[in-house]
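First the structure, which I've put down as structure tokens, then a few questions once you've had a look.
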Amino acid sequence: MLTKDIYLKATDSTRDGLIITKAKGKENPIVYVNPAFELLSGFRKSEILGKDCRFLQGTEIDQPQIAEIRAAIDNGESILITLRNQRKDGSIFWNELSISPIKNDIGEITHFIGIQKDVTEKVELKNKLMEANKSLGDLNSKLEQDNKIDSLTGAYNRKAINHEVSILWASAKRSNGHISVLFVDIDHFKAINDTYGHSAGDVCLKHLSNVLKSICERESDIVLRYGGEEFIVVSIGNKKDAAIALANKLLSSVSYEAIKVKEPDIRVKYTLSIGVTSGRPHSKVTFEEFVAAADKAMYEAKMRGRNMVVFRGI
Ligand SMILES: Nc1nc2c(ncn2[C@@H]2O[C@H](COP(=O)(O)OP(=O)(O)OP(=O)(O)O)[C@@H](O)[C@H]2O)c(=O)[nH]1
């Protein structure tokens, strides 16, 4: 059988801060605190007996947890909550607070007991982990994005077909709208490389990518580097005539002026062969079939002498 003395010694010896308040009376006055509470808060027992617990909030009064504690006390319920408290010296700590009502023999709540734990290290570690997780998430989505972008030209690469193109495809399908694919290929590109060097070829590729991006700038357009000197433009909403007009605009834009490909002011004018297809995506046709049709049309443009647009239906 435990004696009262053992109970008292137990509460005085525990490492958690204990605080007992009256249930009735102005703001639940404190009637007991143990030495661990004095150590945790920096307040001496003699300074706080008879006071209410609000001094522990210090300047940290804007916490939603405070209203939750108040509601639990008013309803005579127990609560486990973590909030910021202030020590006597003004320093802040995270307090894991467990409050429970104490009832007398006839079930009336006479007191509340609060058990306090300084969990500052745990909370700060958790916050750091959450921050690290967020940065990792940001980094991951950047990497994912970078992964879909061709490093030379800044256009999407083929990996974007799975996501970006699928979104356009699904959207055109939903709205029963048209989707057009332009297969764009630089003419005699090998000759540019062979004559002016590979880096001059790279300048042309970057130039073409910029022209494509500046002309196909709608949100519903996607410019993708499909292969070495091949790009495709996927565009929703464009029917045959609009798609051909867009391709002709590209044709005249690249051949408008010679671009500087190397010092001292070496300039190259290049041309394009563009295959175009357009149609409504439906369950019996795939995006790959659109690309294949545009590719065939581009090949026909090459056969017919290059620097032209050829349309092929799907
Ligand atoms: N500079 C550069 N060249 C590339 C790159 N990728 C592919 N190429 C070159 O692109 C050239 C493609 O040549 P071909 O397929 O023969 O085509 P073409 O010379 O343009 O001839 P046509 O298409 O028939 O007009 C090859 O010389 C490749 O080495 C790249 O990233 N940079």
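Of the numbered conditions (1) open to solvent by 50 Å² or more (accessible area, probe 1.4 Å); (2) of a type in the set (Asp, Glu); (3) touching a strand residue (DSSP E or B) at 6+ places or on another chain (Cβ under 7 Å), residue 27 fails exactly one; give the number of that condition.
With (1) open to solvent by 50 Å² or more (accessible area, probe 1.4 Å); (2) of a type in the set (Asp, Glu); (3) touching a strand residue (DSSP E or B) at 6+ places or on another chain (Cβ under 7 Å) applied to residue 27, the lone miss is (3).
Counting just the residues of the range 173-192 that are modelled with pLDDT under 95 and open to solvent by 40 Å² or more (accessible area, probe 1.4 Å), which one comes out nearest to the ligand (Cβ to nearest atom)?
Here the answer is 173.
Going through the range 280-314 one residue at a time, which ones are of a type in the set (Val, Ile, Thr) and within 16 Å of the ligand (Cβ to nearest atom)?
309, 310
Right, another one. If a residue must be within 16 Å of the ligand (Cβ to nearest atom) and part of a strand (DSSP E or B), how many such residues does the range 249-279 contain?
Result for the range 249-279: 10.
State the number of residues belonging to the range 251-281 that are surrounded by 14 or more Cβ atoms within 10 Å (Cβ to Cβ), out of contact with any helix residue (DSSP H, G or I) (no Cβ under 9 Å at 6 or more places or on another chain) and not aliphatic (A, V, I, L, M).
The total comes to 1.
To keep it simple, each residue is scored yes or no on (1) over 29 Å from residue 125 (Cα atoms); (2) more than 36 Å from the chain's Cα centre (by Cα).
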position: 21; (1), (2): yes, yes
position: 34; (1), (2): no, yes
position: 53; (1), (2): no, yes
position: 64; (1), (2): no, no
position: 99; (1), (2): no, yes
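Still on this structure, I have one more. In the range 102-128, what residues are exposed (fewer than 11 other Cβ atoms within 10 Å of the Cβ) and either on the phi < 0 side of the Ramachandran plot or among the hydroxyl-bearing types (Ser, Thr, Tyr) (or both)?
104, 105, 106, 121, 128
Only one of (1) of a type in the set (Ser, Thr, Tyr); (2) part of a helix (DSSP H, G or I); (3) open to solvent by less than 40 Å² (accessible area, probe 1.4 Å) is not met by residue 98, so which one is it?
So the condition that residue 98 fails would be (2).
Here is a check on your reading of the model: is residue 218 among the basic types (Lys, Arg) and within 9 Å of the ligand (Cβ to nearest atom)?
Against the criterion (among the basic types (Lys, Arg) and within 9 Å of the ligand (Cβ to nearest atom)), residue 218 does not qualify.
Say we look at the range 129-156 and pick out the residues that are surrounded by 10 or more Cβ atoms within 10 Å (Cβ to Cβ) and within 16 Å of the ligand (Cβ to nearest atom); which of these is farthest from residue 220 (Cα to Cα)?
By that ranking, first place goes to 152.
Scan (1) touching a helix residue (DSSP H, G or I) at 6+ places or on another chain (Cβ under 6 Å); (2) at positive phi for the single condition residue 183 breaks and write down its number.
Condition (2) is where residue 183 drops out.
What single numbered condition from (1) within 16 Å of the ligand (Cβ to nearest atom); (2) not assigned by TED's automatic domain parsing to the domain that holds residue 295 fails to hold for residue 96?
For residue 96, the failing item is (1).
Please enumerate the residues belonging to the range 59-77 that are open to solvent by 40 Å² or more (accessible area, probe 1.4 Å) and not β-branched (Val, Ile, Thr).
Residues satisfying the conditions are 62, 64, 67, 68, 70, 71, 74, 75, 77.
Restricting to the range 70-108, count the residues that are closer than 16 Å to residue 18 by Cα and β-branched (Val, Ile, Thr).
5
If I filter the range 228-248 for residues that are in a helix (DSSP H, G or I), within 14 Å of the ligand (Cβ to nearest atom) and surrounded by 14 or more Cβ atoms within 10 Å (Cβ to Cβ), do I get at least one hit?
No, the range 228-248 contains no residue that is in a helix (DSSP H, G or I), within 14 Å of the ligand (Cβ to nearest atom) and surrounded by 14 or more Cβ atoms within 10 Å (Cβ to Cβ).
The values are calculated or read from the model by the stated rules, or taken from the named source; none is laboratory data. Here the structure is a predicted model, which means the values were calculated and not measured. Every residue, glycine among them, receives a Cβ derived from its backbone with ideal geometry; neighbour counts consider all protein chains shown. Side chains are part of the model used for accessible areas, which takes the heavy atoms of the whole protein and leaves out ligands, DNA and RNA. Shrake-Rupley method; radii C 1.70, N 1.55, O 1.52, S 1.80 Å.
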